[in-house]
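**Student:** Below is the structure I would like to discuss, written out as structure tokens.
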Amino acid sequence: MGASNRELDAAWAYHNGTKHSFWSIRHNAHFLDSSIKPLQFKIYTDLPPVELPREVPPLEMPALASIALSGDEPAGAAVPDLRALVQVLYYSAGITKHKKYPGGEILFRAASCTGALYEIELYVVCGDLEDLSAGVYHFNPGDLALRRLRTGDFRRLITSATGEEPVTAEAPVLIICSGTYWRNSWKYQSRTYRHFGWDNGTLLGNLLATAAALGLPARVVMGFVDEPVNDLLALDTTREVAFSIVALGSGSPLQSEPPAIEPLALRTIPLSTREVDYPAMREMHAASSLITTDEARQWRGHTPISEPPSAGELIPLRPADDEFAPSDGLGAVIMRRGSTRRFDRKKTLSFEQFSILLDRSLREISADFVDSAGPHLNEAYLIVHAIEGLAPGAYFLHRDRWMLECLKEGDFRAEAGYLGLEQDLPADACFTVFLVADLPSVLERFGNRGYRAAQLEAGIIGGKMYLAAYAQGFGATGLTFYDDDVIKFFSPHAEGKSAIFYLAFGKAAVNFGF
Ligand SMILES: Cc1cc2nc3c(=O)[nH]c(=O)nc-3n(C[C@H](O)[C@H](O)[C@H](O)COP(=O)(O)O)c2cc1C
């Protein structure tokens with residue numbers, strides 16, 4: 001028997017054991033064995049595809065407006081049809097680009113994903129929709145198809161697993177996101193459990209915005225008893241585990257008891273001829289699992305973070321209102337998003353562009369681990385290099401007032417690059433953002449599972465930031481980082497907190513992709 005959700009040593013052991021440092025990078029002999037690179041798709045060999053509309057209609061709502069919505073907004077009944085469901089799945093996990101290279105081809109997806117390894121799978125649990133019968137389905141972006149794992153309405157099972165989460169209880173569609181360890185640990189080893197949150201999060205950033213653009217409410221749910229959800233999807237939990245749920249749509253209360261869960265023996269193509277096991281991730285997952293519905297019920301809300309007091313002069317953000325901000329549609333922005341591979345150090349961004357990015361992507365998120373209109377689990381620390389009218393330096397964003405506090409002025413290009421594992425991207429960018437969490441408070445409130453939520457929330461914000469950059473015609477990339485050095489750089493302000501996510505923004509160098 002492993003640690004329980006309340007035995008917080010487990011989360012600390014995982015977190016501390018997967019930190020990057022100048023020395024850990026130099027002493028890790030890991031190399032990428034291309035002969036066992038995992039397959040990017042989960043392919044069921046014996047399930048026929050469900051016929052889906054081949055055309056995925058564009059999303060016209062301006063991207064900046066859609067990412068600013070929380071997911072709660074539309075009131076009243078909203079039940080997606082199959083076309084809307086396919087839009088939601090495609091614009092969050094679909095293949096948007098193909099790139100050939102001498103050894104083969106990479107298929108890029110709608111949301112950024114560490115190493116382009118795509119370890120997050122999507123499953124749909126729905127009641128009867130206009131043109132899709134009730135069931136449990138797997139989504140394969142490879143052939144843009146759903147495959148039915150089970151027939152019948154199983155939503156009630158998920159609602160009970162969440163301890164009767166009210167939005168879930170009314171949702172016509174539940175999308176379950178799972179993480180497959182080996183897909184990502186092939187490259188990132190045990191640190192992959194953090195990547196589950198990051199990559200699931202960027203995907204949900206797209207998904208929430210897409211739902212908003214379609215007028216569908218959407219809520220992220222992380223408080224659920226794990227076992228019945230994994231059983232419903234027939235997951236081999238030594239390899240793949242449910243990580244988050246999105247309740248999509250509303251006005252479809254559940255009546256019936258779900259059919260019994262029969263075990264399924266579904267064959268899938270092996271990801272590679274051999275897999276390497278990293279037990280630390282499975283231990284972290286087990287120690288952050290919920291066992292009883294009472295635990296799930298107690299999980300919701302009561303975010304433990306309070307805004308720190310400010311010292312010195314505060315600088316207000318100046319975001320333009322929607323009518324004066326770029327209005328490119330969400331679909332087009334998602335299609336052109338990609339990670340910038342080189343930034344042009346000579347370029348600058350305006351203070352308005354910078355303000356719009358922070359303002360639109362850091363608004364409320366409809367999720368069961370944050371209170372509406374309350375603080376997020378993550379706070380934004382920034383390094384500014386080239387924003388017109390803002391002195392280069394290190395900043396903290398007071399999100400409650402949308403004001404910046406300057407922590408220290410100076411040219412920190414070298415430091416930004418060093419903190420991002422000595423890469424050029426954050427040194428050449430116009431600015432970088434660290435999402436940082438007060439983990440002791442988060443874990444105290446939510447138990448080990450708070451670690452999952454902190455990573456996922458940072459990914460959602462990061463995903464929205466990517467879209468906010470591309471909506472305004474500049475570039476972005478996620479980054480990995482030297483954990484403790486980040487906190488040292490922003491201390492004393494950040495003392496006791498933990499770095500969760502790192503991004504860089506700027507203008508792409510010409511002839512270097514996005
Ligand atoms: C959390 C996160 C961390 C990332 N870290 C790095 C990094 O350290 N260096 C880098 O060059 N790219 C990094 N990336 C970019 C990914 O490699 C990129 O998203 C992936 O190759 C897919 O390509 P796309 O974003 O263009 O679709 C990161 C992306 C994410 C989401």
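**Student:** Any idea which of (1) modelled with pLDDT of 95 or more; (2) surrounded by 14 or more Cβ atoms within 10 Å (Cβ to Cβ); (3) more than 26 Å from the chain's Cα centre (by Cα) is the one residue 45 doesn't satisfy?
**Tutor:** In the conditions (1) modelled with pLDDT of 95 or more; (2) surrounded by 14 or more Cβ atoms within 10 Å (Cβ to Cβ); (3) more than 26 Å from the chain's Cα centre (by Cα), residue 45 misses (2) alone.
**Student:** Determine if region 189-208 includes at least one residue that is more than 10 Å from the chain's Cα centre (by Cα), within 10 Å of residue 120 (Cα to Cα), surrounded by 23 or more Cβ atoms within 10 Å (Cβ to Cβ) and not aliphatic (A, V, I, L, M).
**Tutor:** First, pick out the residues of region 189-208 that are more than 10 Å from the chain's Cα centre (by Cα): 189-194, 208.
Keeping just the survivors that are within 10 Å of residue 120 (Cα to Cα) gives none.
For region 189-208, residues more than 10 Å from the chain's Cα centre (by Cα), within 10 Å of residue 120 (Cα to Cα), surrounded by 23 or more Cβ atoms within 10 Å (Cβ to Cβ) and not aliphatic (A, V, I, L, M): absent.
**Student:** What are the residues in region 424-440 that are part of a loop (DSSP other than H, G, I, E, B) and under 27 Å from residue 12 (Cα atoms), if any? Reasoning before the result, please.
**Tutor:** In the first step, residues of region 424-440 are kept if they are part of a loop (DSSP other than H, G, I, E, B); the result is 424, 429-430, 438.
Across region 424-440, the qualifying residue is only 438.
**Student:** Tally time: how many residues in region 387-416 are in a helix (DSSP H, G or I) and crowded, with 20+ Cβ neighbours inside 10 Å?
**Tutor:** Within region 387-416, the first condition is being in a helix (DSSP H, G or I), and the residues that meet it are 413-416.
Then keep just the ones that are crowded, with 20+ Cβ neighbours inside 10 Å; that gives 416.
Going through region 387-416 one residue at a time, the tally reaches 1.
**Student:** Continuing with this model, one more query. So, residue 444, is that one without any contact (Cβ under 8 Å) to a residue 40 or more places away in the chain and acidic (Asp, Glu) or not?
**Tutor:** Details: without any contact (Cβ under 8 Å) to a residue 40 or more places away in the chain: no; acidic (Asp, Glu): yes.
Here the answer is no, as residue 444 does not meet what is asked.
**Student:** Of the numbered conditions (1) within 16 Å of the ligand (Cβ to nearest atom); (2) in a loop (DSSP other than H, G, I, E, B); (3) closer than 23 Å to residue 300 by Cβ, residue 163 fails exactly one; give the number of that condition.
**Tutor:** (1)
**Student:** Can you work out which of the residues in region 417-430 that are of a type in the set (A, V, I, L, M, F, W, C), within 16 Å of the ligand (Cβ to nearest atom) and open to solvent by less than 30 Å² (accessible area, probe 1.4 Å) is farthest from residue 353 (Cα to Cα)?
**Tutor:** First pass over region 417-430, keeping only residues of a type in the set (A, V, I, L, M, F, W, C): 419, 421, 425, 427, 429-430.
Narrowing the set further to residues that are within 16 Å of the ligand (Cβ to nearest atom) leaves 419, 421, 425, 427, 429.
If we keep only those that are open to solvent by less than 30 Å² (accessible area, probe 1.4 Å) too, we end up with 419, 425, 427, 429.
On the way: 419: 24, 425: 19, 427: 19, 429: 14 Å.
The selected residue is 419.
**Student:** So how many residues does region 449-484 have that are more than 14 Å from the ligand (Cβ to nearest atom), more than 18 Å from residue 429 (Cβ to Cβ) and open to solvent by less than 10 Å² (accessible area, probe 1.4 Å)? Talk me through it step by step, then tell me what you get.
**Tutor:** Here is the first cut: in region 449-484, the residues more than 14 Å from the ligand (Cβ to nearest atom) are 449-453, 468, 471-474, 484.
Imposing the further condition that a residue be more than 18 Å from residue 429 (Cβ to Cβ) reduces the set to 449-453, 484.
Going one step further and asking which of them are open to solvent by less than 10 Å² (accessible area, probe 1.4 Å), we end up with 449-453.
Residues meeting the conditions: 5.
**Student:** If you scan region 298-338, which residues turn out to be within 16 Å of the ligand (Cβ to nearest atom) and among the basic types (Lys, Arg)?
**Tutor:** 336, 337
**Student:** Out of 379, 364, which single residue is open to solvent by 10 Å² or more (accessible area, probe 1.4 Å), away from the ligand (no atom under 16 Å from the Cβ) and not in a loop (DSSP other than H, G, I, E, B)? Give the steps one after another, and end with the answer.
**Tutor:** Values: 364 fails: not in a loop (DSSP other than H, G, I, E, B).
None of the others qualify; the one that does is 379.
**Student:** Looking for whichever is open to solvent by less than 10 Å² (accessible area, probe 1.4 Å), more than 22 Å from the chain's Cα centre (by Cα) and either under 23 Å from residue 110 (Cβ atoms) or in contact (Cβ under 8 Å) with a residue 24 or more places away in the chain (or both) here; the options are 384, 333. Which one fits? Break it down into steps so the answer makes sense when it comes.
**Tutor:** Working: 333 fails: more than 22 Å from the chain's Cα centre (by Cα).
Criteria check complete, one pass: 384.
Yes/no matrix, rows are residues, columns are (1) under 20 Å from residue 453 (Cα atoms); (2) at pLDDT below 95; (3) of a type in the set (Val, Ile, Thr); (4) within 16 Å of the ligand (Cβ to nearest atom):
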| residue | (1), (2), (3), (4) |
| --- | --- |
| 191 | yes, no, no, yes |
| 199 | yes, no, no, yes |
| 211 | no, no, no, no |
| 229 | yes, no, yes, no |
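**Student:** Determine which member of the set 166, 172, 141 is more than 30 Å from residue 24 (Cβ to Cβ) and free of Cβ contacts under 8 Å to residues at least 24 places away in the same chain.
**Tutor:** Details: 172 fails: free of Cβ contacts under 8 Å to residues at least 24 places away in the same chain; 141 fails: free of Cβ contacts under 8 Å to residues at least 24 places away in the same chain.
Exactly one residue qualifies, and that residue is 166.
**Student:** Considering 295, 307, which residue is under 26 Å from the mean Cα position of the chain (by Cα), within 23 Å of residue 194 (Cα to Cα) and either at pLDDT 95 or above or in a loop (DSSP other than H, G, I, E, B) (or both)? Lay out the reasoning, then the answer.
**Tutor:** Values: 307 fails: within 23 Å of residue 194 (Cα to Cα).
It is 295.
**Student:** Continuing with the same structure: Restricting attention to region 479-496, which residues are assigned to a loop (DSSP other than H, G, I, E, B) and either free of Cβ contacts under 8 Å to residues at least 24 places away in the same chain or out of contact with any helix residue (DSSP H, G or I) (no Cβ under 6 Å at 6 or more places or on another chain) (or both)? Walk me through how you get there before you give the answer.
**Tutor:** Within region 479-496, the subset assigned to a loop (DSSP other than H, G, I, E, B) is 480-482, 491-496.
Passing the criteria: 480, 491, 492, 493, 495, 496.
**Student:** Here's another thing I want to ask about it. Select from region 92-113 the residues that are among the basic types (Lys, Arg) and within 13 Å of the ligand (Cβ to nearest atom) and write down the one among them that is most open to solvent (accessible area, probe 1.4 Å).
**Tutor:** If we filter region 92-113 for residues that are among the basic types (Lys, Arg), which is where we start, we get 97, 99-100, 109.
Filter again for within 13 Å of the ligand (Cβ to nearest atom), leaving 97, 99, 109.
Numbers: 97: 37, 99: 97, 109: 14 Å².
Filtering first and then ranking leaves 99.
**Student:** Tell me the residue from 355, 339, 372 that is outside any loop (DSSP other than H, G, I, E, B) and of a type in the set (Ser, Thr, Tyr), please.
**Tutor:** Working: 339 fails: outside any loop (DSSP other than H, G, I, E, B); 372 fails: outside any loop (DSSP other than H, G, I, E, B).
Unique residue meeting the criteria: 355.
**Student:** Considering 56, 125, which residue is in a strand (DSSP E or B) and out of contact with any His (no Cβ under 8 Å at 6 or more places or on another chain)?
**Tutor:** Working: 56 fails: in a strand (DSSP E or B).
Answer to the check: 125.
**Student:** When you look at residue 72, is it acidic (Asp, Glu), more than 23 Å from residue 182 (Cβ to Cβ) and part of a loop (DSSP other than H, G, I, E, B), yes or no?
**Tutor:** yes
A quick yes/no check of all residues on (1) more than 16 Å from the ligand (Cβ to nearest atom); (2) of a type in the set (Val, Ile, Thr):
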position	(1), (2)
407	yes, no
432	no, yes
489	yes, no
496	yes, no
502	no, no
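**Student:** Determine which single condition residue 120 fails, assuming it passes every other condition in (1) hydrophobic (A, V, I, L, M, F, W, C); (2) over 29 Å from residue 169 (Cβ atoms); (3) buried (at least 23 other Cβ atoms within 10 Å of the Cβ).
**Tutor:** (2)
The values are calculated or read from the model by the stated rules, or taken from the named source; none is laboratory data. All figures in this text were calculated on a predicted structure; none of them were measured in a lab. Positions of Cβ are backbone-derived with ideal geometry, glycine not excepted, and every protein chain shown enters the neighbour counts. All accessible areas refer to the heavy atoms of the entire protein, side chains included, with ligands and DNA or RNA removed. Shrake-Rupley method; radii C 1.70, N 1.55, O 1.52, S 1.80 Å.
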